[in-house]
Amino acid sequence: MMEERTMQARKIEDTLYWVGAMDWDRRMFDELIPLPDGTSYNAYLLQGGGKAVLFDAVDPPMAATLFARLESLKVERIDYLVAHHAEQDHSGSIPEVLERFPMAQVLCTPKCKTMLIEHVHLKEERIREVKDGEVLSLGDLTLKFIHFPWVHWPETMLTWCPERKLLFTCDLFGSHKAASGVFVQDEALVLSEAKRYYAEIMMPFASMISKSMAKLEGLDIRLILPSHGPVYQRPALILDAYRDWLNAPPKNLAVVAFVSMHGSTRLMAEALVDALGARGVRVEQYDLSKADIGKLACDLVDAATVALGSPTVLGGAHPAAASAAYLANLLRPKTKWLAVFGSYGWGGKLAEGLGAMLGAVKAELLPPVLVKGLPRRADYAAIEKLADEIAARHATLKEKPPA
Ligand code: FEO
């Protein structure tokens, strides 16, 4: 006979509970983003003035966990379900929530309404649009809805509860990490997870997010409650980090990412890394045949230079290098300088091909270093010259190499 499982809601404070799900075993998101430490789908229940509000739902396979946690609180009625975002890891189980709680009304932005109808087939009559700045009274508490588009879809919003100084942010300020606790425990660890998350998910929308951040100025926030990762009891931790990631100029960091078939491009990469290091440029080296692309993306948040190395395959870039260029182009980092290097057998258009793939990165393309076969002394001299060019440019940065 199957034993019944119990899942307890976690009390955050009076009348506020975490009712989400931890996904310890998930290793990929969107079949794209590696999740080395799993993730969580946070849902929160706030009770006030006789009303119960659920903030977001969970990934559909985790719906039973959400319901078990609600049952542990003996929740018989949900009045409002605030859907901050239509992506399925938060919205996919909303239809089941609405079935179990027939009085519940979904609150979301107008764009989110359309997307919830399209993506999870919600019935229009169960959804109420909320305007930017609209306030909902729960009696002793109020909820203010702040439209905050493009984190990282166009329909997103946040919710502010001024009486309790709570900011519900959905994906914004999130991090992919499963944990036994609900709150931030190790700030350095959470920041590194949150930066990785920012790099993979938010960085392409940095300019839009940066504009909307002004809406948070002046709010005396006590708790930030995201939809992935822990709750922040010290909001400045993540707010200051986001200001830096979004707005600070790139740092004295070069990413040297390469793939090599017979070792020649590797020799060039290693020579470039060594030459840059000798010139005071901080470097992260990635062999693209085995790199963690999440970590690489994380370094793109700060890197002033990206150098991409590839052999030629059938006249063009190796697919691993092309894939890295494609990804970097999608992520739109603040990178100011790009370099291409590599070894070829008999010809090809490596630099033109990779350069064209990086068009959305508004960066200066430095002269490429291309070598026929195994590099010789003159080729290493060309690598040294490239390192000189990069170091000279990094000397103009706010965070410059040591003199
Ligand atoms: Fe966590 Fe964009 O969904």
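The values are calculated or read from the model by the stated rules, or taken from the named source; none is laboratory data. Bear in mind the structure is a predicted one, so any value in this text is a computation, not a measurement. Backbone-built Cβ (ideal geometry, glycine too); neighbour counts: all protein chains shown. The protein model used for the area step is the full one, side chains on, heavy atoms only, and it has no ligands, DNA or RNA in it. Shrake-Rupley method; radii C 1.70, N 1.55, O 1.52, S 1.80 Å.
In the set (1) in a helix (DSSP H, G or I); (2) within 16 Å of the ligand (Cβ to nearest atom); (3) surrounded by 14 or more Cβ atoms within 10 Å (Cβ to Cβ), the condition left unmet by GLU118 is number (3).
Of the helices (runs of 4 or more DSSP H) entirely within segment 237-335, those holding at least 1 residues that are touching a residue at least 12 places away in the same chain (Cβ under 8 Å) and of a type in the set (Lys, Arg) occupy 264-278, 293-300. Does ALA86 meet the test of being buried (at least 21 other Cβ atoms within 10 Å of the Cβ) and either touching a His at 6+ places or on another chain (Cβ under 7 Å) or hydrophobic (A, V, I, L, M, F, W, C) (or both)? Answer is yes for this residue.
So that you can scan it fast, the table gives a plain yes or no per residue for (1) in the same structural domain as VAL306 (by TED's automatic domain parsing); (2) open to solvent by less than 80 Å² (accessible area, probe 1.4 Å); (3) not in a loop (DSSP other than H, G, I, E, B):
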residue: GLY348; (1), (2), (3): yes, yes, no
residue: GLU352; (1), (2), (3): yes, no, yes
residue: VAL361; (1), (2), (3): yes, yes, no
residue: PRO367; (1), (2), (3): yes, no, no
residue: VAL371; (1), (2), (3): yes, yes, yes
residue: LEU374; (1), (2), (3): yes, no, no
residue: LEU386; (1), (2), (3): yes, yes, yes
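Mind listing just one residue for me: the one in segment 172-192 that is buried (at least 24 other Cβ atoms within 10 Å of the Cβ) and not aliphatic (A, V, I, L, M) and, of those, farthest from ASP89 (Cα to Cα)? Among those residues, the one meeting the criterion is PHE173.
Within segment 148-158, identify whether any single residue is in the same structural domain as PRO230 (by TED's automatic domain parsing), within 16 Å of the ligand (Cβ to nearest atom) and exposed (fewer than 15 other Cβ atoms within 10 Å of the Cβ), and answer yes or no.
yes
Within segment 73-102, residues that are among the acidic types (Asp, Glu) and away from the ligand (no atom under 16 Å from the Cβ) reach partners that are assigned to a helix (DSSP H, G or I) and at pLDDT 95 or above with beta carbons closer than 7 Å, at six or more positions or on different chains, in the pairs GLU96/ALA63. The single residue among SER175, SER192, SER180 that is among the small types (Gly, Ala, Ser), at pLDDT below 95 and either within 17 Å of the chain's Cα centre (by Cα) or in a loop (DSSP other than H, G, I, E, B) (or both) turns out to be SER180.
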